[in-house]
Amino acid sequence: MKGQEEQSESALVCAAQKGEKEAFRLLLMRNWPWLKALVYSIISNTDSVDDVMQDICVQVIRKVNTLREPACFRPWMAVLARRQALKYRQRKSQRRVISLNNDEVAGQQCDYKAGQLLDNLELREQYQQVLQAVKSLPEIYRQVFILAHLEDLKYAQVAEILDVPVTTVQIRLVRARRMIFNQIKDKEKNEV
Amino acid sequence: MKEEMLEIMIGKYLDDQITPGEQRALEAELDSNFEAKELLTQLQDLHQRSCELIASEVLDHGRSADEIFERAWQQHKKRPSIGIIRLSGSLRFAAGIAAGLVIGLALHFTVLTRSTPPIIRQKPPVVKSPDNTTGENRQNLPSPQNTTRNVDWYTFTDENGDQWLIEGLRENTVRTASFQESI
């Protein structure tokens, strides 16, 4: 099944290298969730994710001809996406556009989410705590944590995207969970 | 079971990637360890919240994928195309050699033409005798004591049958000669 999927993805890459728009579209749509999650895990700002995603799409369209092995499309695109996201983050930090601190940003995002998902104030606070804890993770742990909590993304796929061994993914995930768990517990204790 | 191993097992269980053997080991641990069971409940809760949160943050936010792709495609189309010549391996090698050859030749000619000293075209003076020299035929040449230049030596037999040893500089100039009876 996985082999068939890879084969069809390779065929799509070949078609994309010939300049077929539909092939580009299918390739990007298939990989969209993890790509977006990866970008989000680096820039930690939902408002800017779309801009970076557009830049990534442009780069993929322009540079797909440089990809020699179509089977390596995912890792290749992951590298490209990471580079674009880091570039964006660097540009932002240089311009000093972001004047809000993380707590305020998280608060605003939770306001949005709360409106969509929750009415309960207590639950809203819990979500806010988790979001803050996720954002405060070191980048390598945050990437793994966000990718692994996306639907249908297995450890092996996360490892392929991040170009690390599967065991590294497992270890980083356990540590990320532990860090988030401890942070939430500490906050609860402080509040009490 | 060690704590980190327990957390790995719980993580695999939560992510639905646990093998049957690992699940049996985890269940056995949970039966015997109350703290492990409590940890599982807490991590399960955290896992569920994290999944909802990340889905909400990442997937339910912003513009649609189709819209972003269309914009990117338009942006790509607007960009003027730049003609890039792509060379295969052997062609690239040949092009490299040709370029090297051209650069080498250019350097060779440039350096050589600048460094070669001008050739002094000078008529060598005729010396008749070491003692009986005339001012017309003789040049003011540097004295042999002060010169350190490389020279060639020639022998010359005149009409009287006398042999002359002639010192000839390599730069087309002739120095004073000396007569030697013994030669």
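Exactly one of (1) over 16 Å from A:Ala37 (Cβ atoms); (2) within 14 Å of the chain's Cα centre (by Cα) is unmet by A:Ile161. Its number?
(1)
Go through the range B:16-45 and give me each residue that's polar (S, T, N, Q) and within 14 Å of another protein chain (Cβ to nearest Cβ). Quick ask: steps written out before the conclusion?
Let us first name the residues in the range B:16-45 that are polar (S, T, N, Q), namely B:17, B:19, B:23, B:32-33, B:41-42, B:44.
Of everything in the range B:16-45, those that are polar (S, T, N, Q) and within 14 Å of another protein chain (Cβ to nearest Cβ) turn out to be B:Gln17, B:Thr19, B:Thr41, B:Gln42, B:Gln44.
Just one of B:Ile10, B:Ile85 is at pLDDT 85 or above, out of contact with any His (no Cβ under 8 Å at 6 or more places or on another chain) and among the β-branched types (Val, Ile, Thr); which is it?
Just a single option satisfies the conditions, and that option is B:Ile10.
Kindly evaluate A:Val64 against the criterion of being without any contact (Cβ under 8 Å) to a residue 40 or more places away in the chain, more than 9 Å from every other protein chain (Cβ to nearest Cβ) and surrounded by 21 or more Cβ atoms within 10 Å (Cβ to Cβ).
Details: without any contact (Cβ under 8 Å) to a residue 40 or more places away in the chain: no; more than 9 Å from every other protein chain (Cβ to nearest Cβ): yes; surrounded by 21 or more Cβ atoms within 10 Å (Cβ to Cβ): yes.
Criteria not met by A:Val64.
Answer yes or no as to whether A:Arg74 is more than 8 Å from every other protein chain (Cβ to nearest Cβ), surrounded by fewer than 18 Cβ atoms within 10 Å (Cβ to Cβ) and within 28 Å of B:Glu52 (Cβ to Cβ). Steps first, answer last, please.
Values: more than 8 Å from every other protein chain (Cβ to nearest Cβ): yes; surrounded by fewer than 18 Cβ atoms within 10 Å (Cβ to Cβ): no; within 28 Å of B:Glu52 (Cβ to Cβ): yes.
It is false that A:Arg74 is more than 8 Å from every other protein chain (Cβ to nearest Cβ), surrounded by fewer than 18 Cβ atoms within 10 Å (Cβ to Cβ) and within 28 Å of B:Glu52 (Cβ to Cβ).
For the range A:161-170, name all the residues that are buried (at least 18 other Cβ atoms within 10 Å of the Cβ) and over 13 Å from B:Gln17 (Cα atoms). Give the derivation first.
Restricting attention to the range A:161-170, the residues satisfying the condition of being buried (at least 18 other Cβ atoms within 10 Å of the Cβ) are A:161-162, A:169-170.
A:Ile161, A:Leu162 - these are the residues of the range A:161-170 that are buried (at least 18 other Cβ atoms within 10 Å of the Cβ) and over 13 Å from B:Gln17 (Cα atoms).
Restricting to the range A:140-160, and then to whatever is among the β-branched types (Val, Ile, Thr) and buried (at least 17 other Cβ atoms within 10 Å of the Cβ), can you tell me which residue is nearest to B:Asp45 (Cα to Cα)? Can you show your working first?
First, the residues of the range A:140-160 that are among the β-branched types (Val, Ile, Thr): A:140, A:144, A:146, A:158.
Within this subset, residues satisfying the condition of being buried (at least 17 other Cβ atoms within 10 Å of the Cβ) are A:144, A:146, A:158.
Details: A:Val144: 19, A:Ile146: 16, A:Val158: 22 Å.
Applying the filter and picking the extreme gives A:Ile146.
Determine the pairs where a residue that is within 7 Å of chain B (Cβ to nearest Cβ), located within the range A:23-35, has a partner that is surrounded by fewer than 21 Cβ atoms within 10 Å (Cβ to Cβ) and part of a helix (DSSP H, G or I) with Cβ atoms under 8 Å apart, the partner being 6 or more residues away or on another chain.
From residues that are within 7 Å of chain B (Cβ to nearest Cβ), the pairs are A:Arg25/B:Asp66; A:Leu28/B:Ala65; A:Met29/B:Ala65; A:Met29/B:Asp66; A:Trp32/B:Ala65; A:Pro33/B:Leu59.
The values are calculated or read from the model by the stated rules, or taken from the named source; none is laboratory data. Computed from a predicted model, the values in this text were never measured in an experiment. Every residue, glycine as well, gets a Cβ built from its backbone with ideal geometry; the counts of neighbours run over all protein chains shown.
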